[in-house]
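Below: the structure, in structure tokens.
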Amino acid sequence: MLILAKSILGLMLGFVLSLVAGAVLIPALKRLKVGQSVSRLINIRHLKKDGTPTIGGLIFILPTLLIMLILYLRGSIDLNSNLIILLFVFIAYGTLGFIDDFLKVKFHNNKGLPTLGKLALQTVIAIVFYIIFMRNGGDTTIIISSLNNLTIPLGWGFGIFIFLVLVGTTNAVNITDGLDGLAGGLSAMAFLAFGVIAWGSNWISGYQEIAIFAFVVVGSLLAFLVYNTHPAKVFMGDTGSLALGAALATIAILTRHELSLVLIGGVFVVETLSSLIQIIAIRKFHKKVFKKAPLHHHFEELGWEENDIVKLFWVVGFLLSMIGIIYGVWL
């Protein structure tokens, strides 16, 4: 029960500190004129969001790191290789997103970092992940089903797998971050699910620390949603979406539940697939499958209200997260 108590404490601290962080950072971002540039091409209803402060991911990133540091200094958690990997990836991708957001704000466009430069930095992060993971006896097999002992050994290809999962998940969360509260709410559910899965992964070094980190993020995201739900007072930006996606991918890899990520992050997957399908359809067949991609914009074009779309996606995300827990824990 001690890990449960620590997790609840972490969740509560995350919520309180992130509430305070939001109250301090949002006015500061407004003074610095760190506003989001909204394209007319998305939806005309989004034009009223132009200038809304971005880089709001700092509201949940900084408190999460501070709480983990406090818990470590109090002796409530131990510093181990898996926690080091998780924190490194969380910080690295958050920094990458911050640079991307900064360039967008500075030049008043949505270009940010060049694609090749972003991929190069993500490759470096994946390499560091792989080196630390392997030096501490990391297992390079993918578990399909622990019940039937179905696994796929990857060997040296595990490094490539890490890169693909990191890039895929971060891009998926980033693509989903298009409506007020959408990515934040879905991420909170996903981290909650992986926190529960990490609880049961007691055969992994640092499983308690991974679970506690996940619950701290849940609390921090719930506080962020106070400021981010419609009408949003702040956007998480790439700073937040890349950090969240990378942390989710890392927890899935470290707990050996990569396939659970597909279920738990099912809405992220569908959103990404809708964009991919739309791109292929336009380039190859010169036709649109959706009125607009990703999928949440398709619903907007159908006339749905933003809050209704977000609530529907949250419900689906919650159900998929519960199914993901069942698969991850028992199958």
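Any read-out appearing in this document is the output of simple, stated calculations on the displayed coordinates, not a laboratory observation. Owing to the predicted nature of the structure, the values given are computational and were not obtained by experimental measurement. Note that we place each Cβ from the backbone using ideal geometry, even for glycine, and neighbour counts take in every protein chain shown.
Brief remarks on what is shown
- Computed 3J(HN,Hα) for region 303-320, one whole-Hz value per residue from the Karplus formula 6.51 cos²θ - 1.76 cosθ + 1.60 where θ = phi - 60°, is x, 5, 6, 4, 4, 5, 5, 4, 4, 4, 5, 5, 4, 4, x, 5, 4, 5, glycine and proline marked x.
- Cα gyration tensor, region 149-296 - rounded (a/c under 1.5), prolate or oblate: oblate
- Look at the dipole of the chain built from charges on Cβ: of Ser81, Leu32, Leu263, the Cα furthest out on the positive end belongs to Leu32.
- Global geometry of region 158-242, whether rounded, prolate or oblate, following the gyration tensor of its Cα atoms and the 1.5 cut on a/c: oblate
- Computed from Cα atoms, the angle from the helix 158-176 axis to the main principal axis of the chain rounds to 40 degrees.
- Counting neighbouring Cβ atoms within 10 Å and putting the fewest first, the residues Ile77, Ile160 line up as Ile160, Ile77.
- When both region 257-326 and region 148-162 are represented by their alpha-carbon centers, they are found 27 Å apart.
- Long pairs among Lys30/Lys104; Lys118/Lys233; Lys48/Lys233; Lys111/Lys292, criterion Cα-Cα beyond 18 Å: Lys118/Lys233; Lys111/Lys292
- For Ile142, residues with placed amide H under 5 Å, excluding near neighbours: Ile152, Leu154
- Cβ crowding within 10 Å ranks Met134, Met236 as Met134, Met236, fewest other Cβ atoms first.
- Evaluated with a Cβ-only charge set (Lys, Arg +1; Asp, Glu -1), the chain carries a dipole of roughly 880 debye about its Cα centre, given to the nearest 20.
- Between the Cα long axis of helix 266-285 and the first principal axis of the chain there is an angle of about 50°, rounded to the nearest 10.
- Over the chain: helical MRE at 222 nm, DSSP H runs n ≥ 4 each giving -39500 (n - 2.57), nearest 500: -24000 deg cm²/dmol
- Signed unit charges on C-beta, dipole axis of the chain, positive-most listed residue Leu69, Leu242, Ile152: Leu242
- Note on Lys284, Lys233: ascending count of other Cβ atoms within 10 Å places them as Lys284, Lys233, the fewest first.
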